[in-house]
Amino acid sequence: MTETFHHWGLTYEWSWFLATIIGILVIALPLMLAVAMIIYAERKIWAAMALRRGPNVVGPWGLLQSFADGLKVFLKETIIPTSANKGLFLIAPIVTFTVALIVWAVVPFAPGVVLANVNVGLLYILAASSLGVYGVIVAGWASNSKYPFFSALRAAAQMVSYEVSIGFVLITVVLWAGSFNLSAIVLQQKGHVLGLLNGFGFNPLLFPMWVVFFISSMAETFRTPFDLVEAESELVAGHQTEYSSMSFALFWLGEYANVILMCALNAILFWGGWMPPIDWAPLYSFFFTPELTGLFWLFAKMTFFFFCFGWVKATVPRYRYDQLMRLGWKIFLPLSLLFVILVSGWLMFTRYGGAGA
Amino acid sequence: MIASIAFYLFATLTIAPALAVIFARNPVHSVLWLIVAFFNSAGLMLLLGAEFIAMLVVIVYVGAVAVLFLFVVMMLDIDFASLRSGFTRNLPFGIIIALVLLAEIIIAVSAWQAGPALSGHNVAATTQPNIVALGQLLYSRYLFPFEIAGLILLVAMVGAIVLTHRRRHDTRPQKVWKQVARRPDEAVKVLDPGVGEGMKL
């Protein structure tokens, strides 16, 4: 696209600038729409699992429910508690929302379709997701209220704990793929097992790591069974207790954008991203073009993982806080460390010619 | 041009928050300004082409170290009056430290062209990604210092745990393995007491 604008007479730098802005909008706006639809889908999933109907009044089959909720929230008054720290109180939801959006810059949607094809893509995602915790901490502190503050403390400890094991899981993937670039990681999974199955997840050495990653990604996005940050029975609504109207909505949008991102990461890092699960040529381009087929496969996988997230939320009871910490530090951390050693040892023997090399 | 705009943006946003760290009255605000400064210094690294270092700054400093700072500072009950009371008493010592730091900065800035490694020129861009280049150096030429640094950090971690760990005897923590290993026949006892005899537990 940069070339097109350049061709129209803009200088190269400004055409790059314009093309990037358009690229950002092309990702961010459908993402917001996706969040609205996915909240509806999730409520339907929970309803089905609880033998209820779920939203079915606004629009056909209740499809417009999220937009109605959005409109309601948008029209309400933003209430700022008198003793809150005003500036920080308003910045916190913005931070959550922004961080949830910037991560998408490096996600490869289809072959060659990525906004920023940087070679530290995975580190960028780690960095951006570690920023996410500030939204919660700052919200909790600036509200100047007890429950949000407890929630902030829980959020900080939980995020830092699970980021450790996520880091080690990512290291095993990076070791196998030999790159931090997400597009390269996807391409490395082509015919990974027996030259037939696309995806590191089919590899018996990496499958346990996917399980760890999947559970950690729930903890990282504060989803049930790890939603102690906003446990209703203990903390009202956690860090969102004092928030109203759009500032509340921004938390929700950011949270769900993060959930979708984690689904995308599960697909990209372990299940072949935009590639079909089986390495068979017609599957790569049966849907008009290879790009659209790639999008189809990625979205199919993301939807599946999102269904799993909803499934877990509907069925698994909440962890207690000490159990959460135990799982993170005493089980996931040693397990992922062990697998880093196993994977690097295996690669040392098979790929780099033994320990002597 | 965009590169220079970005440079001045990041530079301003590093220095101004760094000043705000010192001048902010609220310690939590100070930590948050520090985070802003860290984040923008990562941006400067990025402009220099050191993308790996930039990401590490964000992951390590912003994502872990500053979270812990914030964690501690938020929970401290700081009494500002007692903090300020020592101001005049410690002023001479503070001025000395400030002068030493100033001298260091002046020496460092005036010698920025001195070293053999940089000599004022930009490092030539290579086709190698940062991480590959760093890894090759760390695991060949600097292998020994690298391993020693790792060992020292491990010792520090173990030391911190040993120093702060205390075994409490008045708690009854959950033993998950015990719960998992429990079987119905050892947990439930079926009794049939006669009338008027009651239960013996």
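Take the conditions (1) surrounded by 14 or more Cβ atoms within 10 Å (Cβ to Cβ); (2) on the phi < 0 side of the Ramachandran plot; A:I341 misses just one of them, which is (1).
Checking the stated criteria, A:S66 turns out to be farther than 30 Å from B:L47 by Cα, buried (at least 19 other Cβ atoms within 10 Å of the Cβ) and not charged (D, E, K, R). The lone criterion from (1) part of a helix (DSSP H, G or I); (2) closer than 25 Å to A:W252 by Cβ; (3) not polar (S, T, N, Q) left unmet by A:P81 is number (1). A residue that is within 9 Å of chain A (Cβ to nearest Cβ), surrounded by fewer than 18 Cβ atoms within 10 Å (Cβ to Cβ) and free of Cβ contacts under 8 Å to residues at least 12 places away in the same chain cannot be found anywhere in segment B:6-18.
Test A:I102 against the stated conditions and say whether it is more than 14 Å from every other protein chain (Cβ to nearest Cβ) and not polar (S, T, N, Q). Talk me through it step by step, then tell me what you get.
On the way: more than 14 Å from every other protein chain (Cβ to nearest Cβ): no; not polar (S, T, N, Q): yes.
No; evaluated as a whole, the condition is false for this residue.
Of all residues in segment A:33-59, those that are buried (at least 17 other Cβ atoms within 10 Å of the Cβ) and of a type outside the set (A, V, I, L, M) total 6. Restricting A:K313, A:K330 to those that are loosely packed, with under 15 Cβ neighbours inside 10 Å, closer than 29 Å to A:V229 by Cα and not aromatic (F, W, Y) reduces the list to A:K330. Looking across A:K313, A:K330, A:K301, one residue alone is of a type outside the set (D, E) and within 26 Å of A:A177 (Cα to Cα). It is A:K301.
Could you tell me whether segment A:20-32 includes any residue that is free of Cβ contacts under 8 Å to residues at least 24 places away in the same chain, within 14 Å of another protein chain (Cβ to nearest Cβ), surrounded by fewer than 16 Cβ atoms within 10 Å (Cβ to Cβ) and over 26 Å from A:A300 (Cα atoms)? Yes, segment A:20-32 has at least one match. The residue that is surrounded by the most Cβ atoms within 10 Å (Cβ to Cβ), counting only those in segment A:94-137 that are hydroxyl-bearing (S, T, Y), modelled with pLDDT of 85 or more and closer than 24 Å to B:M74 by Cα, is A:T96.
For segment B:19-39, state whether one or more residues are part of a helix (DSSP H, G or I), under 25 Å from B:A133 (Cβ atoms) and touching a Leu at 6+ places or on another chain (Cβ under 9 Å).
Scanning segment B:19-39, I find at least one residue that is part of a helix (DSSP H, G or I), under 25 Å from B:A133 (Cβ atoms) and touching a Leu at 6+ places or on another chain (Cβ under 9 Å), so the answer is yes.
Kindly evaluate A:S179 against the criterion of being polar (S, T, N, Q), assigned to a helix (DSSP H, G or I) and either within 14 Å of chain B (Cβ to nearest Cβ) or out of contact with any Phe, Trp or Tyr (no Cβ under 7 Å at 6 or more places or on another chain) (or both). The answer is no for A:S179. The residue of segment B:42-57 that is surrounded by the fewest Cβ atoms within 10 Å (Cβ to Cβ), among those that are away from chain A (no Cβ under 13 Å) and in a helix (DSSP H, G or I), is B:L47. Just one of the listed residues (A:A110, A:A116) is farther than 21 Å from A:L253 by Cα, without any contact (Cβ under 8 Å) to a residue 24 or more places away in the chain and more than 8 Å from chain B (Cβ to nearest Cβ), and it is A:A116. Among the residues of segment A:133-152, those that are facing chain B (nearest Cβ under 9 Å) and closer than 18 Å to B:G63 by Cα comprise A:V133, A:Y134, A:I137, A:V138, A:G140, A:W141, A:A152. Can we say A:S165 is in contact with a Phe, Trp or Tyr (Cβ under 9 Å, 6 or more places away or on another chain) and either buried (at least 20 other Cβ atoms within 10 Å of the Cβ) or within 11 Å of chain B (Cβ to nearest Cβ) (or both)? Here the answer is yes, as A:S165 does meet what is asked.
Would you point out the residue of segment B:58-73, among those that are surrounded by 23 or more Cβ atoms within 10 Å (Cβ to Cβ) and over 8 Å from the mean Cα position of the chain (by Cα), that is nearest to the other protein chains (Cβ to nearest Cβ)? By that ranking, first place goes to B:V58.
Here A:L253 clears all of (1) modelled with pLDDT of 85 or more; (2) of a type in the set (A, V, I, L, M); (3) surrounded by fewer than 17 Cβ atoms within 10 Å (Cβ to Cβ) except the condition numbered (3).
Hey, among A:L283, A:L342, A:L298, A:L335, which residue is more than 22 Å from the chain's Cα centre (by Cα), over 29 Å from A:S161 (Cβ atoms) and part of a helix (DSSP H, G or I)? Answer to the selection: A:L283. Taking the criterion of being among the aromatic types (F, W, Y), part of a helix (DSSP H, G or I) and closer than 22 Å to A:W271 by Cβ, the only residue of segment A:84-112 that qualifies is A:W104.
The values are calculated or read from the model by the stated rules, or taken from the named source; none is laboratory data. Worth saying up front: this structure is predicted, and the values here are computed from it rather than measured. Virtual Cβ from ideal backbone geometry, glycine too; neighbours counted across all protein chains shown.
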